Amino acid sequence: MAYEVLARKYRSRDFDEIVGQGAIATTLRNAIELGRVHHGYLFTGTRGVGKTSMARILAKALNCHNSDGPTPNPCSKCESCLRIADGSDLDVVEIDAASNTGVDNIRELRSNAAFRPARSRFKVYIIDEVHMLSTGAFNALLKTLEEPPEHVKFILATTETHKVPATIQSRCQRFDFRSISPQDISEQLKKILEQEEIAAEEMVLRRVSRAANGSMRDALSLLDQLLAYGASNLTADVIEDVLPGSHDACRTWWLL
Ligand SMILES: [Zn+2]
């Protein structure tokens, strides 16, 4: 079987599993419970802090087929939940704005949004790196955000909020995702290594979680790299081989 990278294998499946963004998860859960889900969200923050995972979980919560209505606890087992998780659902459309920057792309989205969802409650558009859209595309998107069809929700994600026009921002509820603390990253790494049945010295976890600089995805990529090195026991020597020149830095980190 092909090796599945850790970031994909251990992507959070529900609001409880999201690491380091508790306040946002709670707010979204409450909005669902109170029936106050906004039609547009703007998720901001550096890469690898859980924006896309949170967007998919919100989409699952809105559309889970094992519930009579939107639920803060999507089942993660029905066809809708499974397809959203792997990005292949008909009603939850993920668009990478970095490669779909033009006004035509958004016009197409608008005409598509007018149709009701194929088999779920809502059509959800997740637009990643939304700041990459052209001015024309933003204008087209703005028109839809001003008068969205009732069955449509937008989740816009960006690493560069200042490039998103104020007119777009003011029509969305904005959530600022925080960098994830080394402690939270380290705890998550520990859980994953336990499931993978791989031993690791505390010092290795500490180093990886600091080197990740607040990004869970970067931490997991680094862990992938260490595992690809072939070690079943992650020791200080292994990390020194993979990330050389770290002894002095390590000592400094120990002191922090
Ligand atoms: Zn479900």
Problem set entry | Test item: Cα-centred dipole of the chain, Lys/Arg +1 and Asp/Glu -1 on Cβ, debye | 900
Exercise. Any idea how far apart T46 and E147 come out in nm if each label point goes 7 Å out from Cα toward Cβ?
Worked result: 4.3
For this session: Translational diffusion coefficient, Stokes-Einstein: compute it for segment 54-173 using the Kirkwood radius over C-alpha pairs as Rh, at 37 °C and 0.692 mPa s, and state it as an integer in µm² s⁻¹.
Result: 225
For this session: Step through the residues of segment 50-56 one at a time and calculate ³J(HN,Hα) from phi using the Karplus curve (6.51 cos²θ - 1.76 cosθ + 1.60, θ = phi - 60°), rounding each to whole Hz and writing x for Gly and Pro.
Result: x, 5, 5, 4, 5, 4, 5
For this session: Estimate the FRET efficiency between S181 and D224 by the formula 1/(1 + (r/R0)^6), using the beta-carbon distance for r and 30 Å for R0, to the nearest 0.05.
Result: 0.90
Exercise. With the dipole of the chain worked out from charges on the C-beta (+1 for Lys and Arg, -1 for Asp and Glu) around the Cα centre, which of L90, H65, G40 lies farthest toward the positive end?
Worked result: G40
For this session: Treat segment 1-124 as a sphere of radius equal to its Kirkwood radius over Cα pairs and apply Stokes-Einstein at 10 °C in a medium of 1.306 mPa s; give the translational diffusion coefficient in µm²/s, rounded to a whole number.
Result: 102
Seminar exercise, completed: Checking segment 1-52 for GluC sites (Glu not before Pro) in a loop per DSSP with at most 16 other beta-carbon atoms within 10 Å yields E4, E17
For this session: Estimate the FRET efficiency between R174 and D237 by the formula 1/(1 + (r/R0)^6), using the beta-carbon distance for r and 45 Å for R0, to the nearest 0.05.
Result: 0.50
Exercise. Count the lysine pairs in segment 6-176 that are 8 or more places apart or on different chains: how many have C-alpha atoms under 26 angstrom apart?
Worked result: 22
Exercise. How long, wide and thick is the chain, going by the Cα atoms along their three principal axes, in whole angstroms, largest first?
Worked result: 58, 39, 35
Exercise. Which listed residue (A118, L6, V242) has the Cα farthest towards the positive end of the charge dipole for the chain, taking +1 on Lys and Arg C-beta and -1 on Asp and Glu C-beta about the Cα centre?
Worked result: A118
Exercise. Hey, rough spin-label estimate for E17 and N139, points 7 angstrom out along Cα→Cβ, what's it come to in nanometres?
Worked result: 4.3
Exercise. Charges only on Cβ, +1 for Lys and Arg, -1 for Asp and Glu: so what's the dipole of segment 13-58 about the Cα centre, in debye to the nearest 20?
Worked result: 180
Problem set entry | Computed [θ] at 222 nm, deg cm²/dmol, the chain (DSSP H ≥ 4; -39,500 (n - 2.57); rounded to nearest 500) | -13500 deg cm²/dmol
For this session: Could you work out how far the C-alpha centroid of segment 207-242 sits from that of segment 109-158, in angstrom?
Result: 38
Problem set entry | Segment K191-C75, extension gain: residue separation times 0.36 nm, minus the distance between their alpha carbons | 39.6 nm
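Read-outs: derived from the displayed coordinates by stated rules, not from any lab. Source: prediction; values computed, not measured. Cβ coordinates were reconstructed from backbone atoms using ideal geometry, including for glycine residues, and neighbour counts include every protein chain displayed.
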